[in-house]
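Novice: Please see the structure below; I have some questions.
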C-alpha cells in the first residue's frame, strides 16, 4: 500500500463533493458503536434492527450489497441511486471525511489521503470545476468534531479493555504460574478473520460491545462512548471479578483482549498489529509466549 500524504489544515484541495456517488461504491466503511446507534436513529430503526439488516461482523462494518454502480462495484446498503445517502444526517466519520483520513498518535492529529495522487480524480473529475476548500474549511463543513470526540473516547476504551486483559494475566498470578497459553490466544485472535473473531466472542458480548442501551446520549458521542465503557466495565467486573482459578482467568483475559481487538477493527486498526504490540508489552512485564 502506498505511503499516505499528510496535509496541513491550510492546504487547498478540490474537496467539494460532486454528489455523483462514486465514494459510496466498493468501500470498506467500519463503524464504532455510537456510529451504529446514530445511523440507526437516522434510519428510524433500533440499533439492533439496523445492525442485523445493514452491517457485517456483529455491527462493525457497513454492508455494501446495493446495486452495482461505479466500476461495477456494489453500492453501500444506504445508497439510493440518483438520490444519494439515505442516512446522510447520521453518516459515520469515515464518510464525513472522505476522501481524507485521520490519524491520531497521542496528542498529535493530522489528516491524510492515501498515495501521492489526490483521490476522487478518477471517479469524480468534475470536482476540478467546483470551488475548492481548505482542509480546515472542509472538516468544519462536514461537522466532524463530535464524531472525532466519540472516536477518541472509543480509542481509550479499546486500550482500557486491553489493560483489563493485562491485569488478568499479570496481576492475578497467572503469568507467574508459567502460563503460555494466554499470549498464544491473543495472537490467534489477532490473526483471525473478522467473522471468526465475532463468532468466538459470542452474541452476548458482541451485543454488549455494539448495542449499548444509551438512547438518551445519542446526540453526544463523547458522553455515549464514555457511558458505554462504564457499562462494559461493570459487566466485566460482574463476570470476572470473582474468578478463582488460572484457567478461568486466562479465558477472561482472552475475552477482554478479543473485545479490544474487535473494537480496534471497528476503529480502523489492524488487529494483528494491535495484538503483536500488546503481546510485546506483556512480555516486557514478564509474560511468557
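The values are calculated or read from the model by the stated rules, or taken from the named source; none is laboratory data. Remember, it's a predicted structure, so these values are computed and weren't measured experimentally. Note: ideal-geometry Cβ built from the backbone for every residue, glycine included; neighbour counts use all protein chains shown.
Novice: Against the conditions (1) in a loop (DSSP other than H, G, I, E, B); (2) at negative phi, where does residue 96 fall short? Just the number, please.
Specialist: For residue 96, the failing item is (1).
Novice: Okay, next question. Within the stretch 96-117, identify whether any single residue is out of contact with any strand residue (DSSP E or B) (no Cβ under 7 Å at 6 or more places or on another chain), farther than 30 Å from residue 227 by Cβ and surrounded by 14 or more Cβ atoms within 10 Å (Cβ to Cβ), and answer yes or no.
Specialist: The answer is no; no qualifying residue exists.
Novice: Does residue 51 satisfy the condition of being outside the structural domain of residue 213 (by TED's automatic domain parsing) and at pLDDT 95 or above?
Specialist: Details: outside the structural domain of residue 213 (by TED's automatic domain parsing): yes; at pLDDT 95 or above: yes.
When the stated conditions are applied, residue 51 passes them.
Novice: Given the criteria surrounded by 21 or more Cβ atoms within 10 Å (Cβ to Cβ), touching a residue at least 12 places away in the same chain (Cβ under 8 Å) and either in contact with a strand residue (DSSP E or B) (Cβ under 7 Å, 6 or more places away or on another chain) or not assigned by TED's automatic domain parsing to the domain that holds residue 212 (or both), does residue 64 qualify? Write out each step before concluding.
Specialist: Details: surrounded by 21 or more Cβ atoms within 10 Å (Cβ to Cβ): no; touching a residue at least 12 places away in the same chain (Cβ under 8 Å): yes; either in contact with a strand residue (DSSP E or B) (Cβ under 7 Å, 6 or more places away or on another chain) or not assigned by TED's automatic domain parsing to the domain that holds residue 212 (or both): yes.
Here the answer is no, as residue 64 does not meet what is asked.
Novice: Please verify whether the stretch 72-85 includes one or more residues that are buried (at least 17 other Cβ atoms within 10 Å of the Cβ) and within 21 Å of residue 139 (Cα to Cα).
Specialist: yes
Novice: Is it true that residue 208 is within 26 Å of residue 49 (Cβ to Cβ), in contact with a helix residue (DSSP H, G or I) (Cβ under 9 Å, 6 or more places away or on another chain) and in the same structural domain as residue 159 (by TED's automatic domain parsing)?
Specialist: Values: within 26 Å of residue 49 (Cβ to Cβ): yes; in contact with a helix residue (DSSP H, G or I) (Cβ under 9 Å, 6 or more places away or on another chain): yes; in the same structural domain as residue 159 (by TED's automatic domain parsing): yes.
Considered against the rule, which asks whether it is within 26 Å of residue 49 (Cβ to Cβ), in contact with a helix residue (DSSP H, G or I) (Cβ under 9 Å, 6 or more places away or on another chain) and in the same structural domain as residue 159 (by TED's automatic domain parsing), residue 208 comes out as yes.
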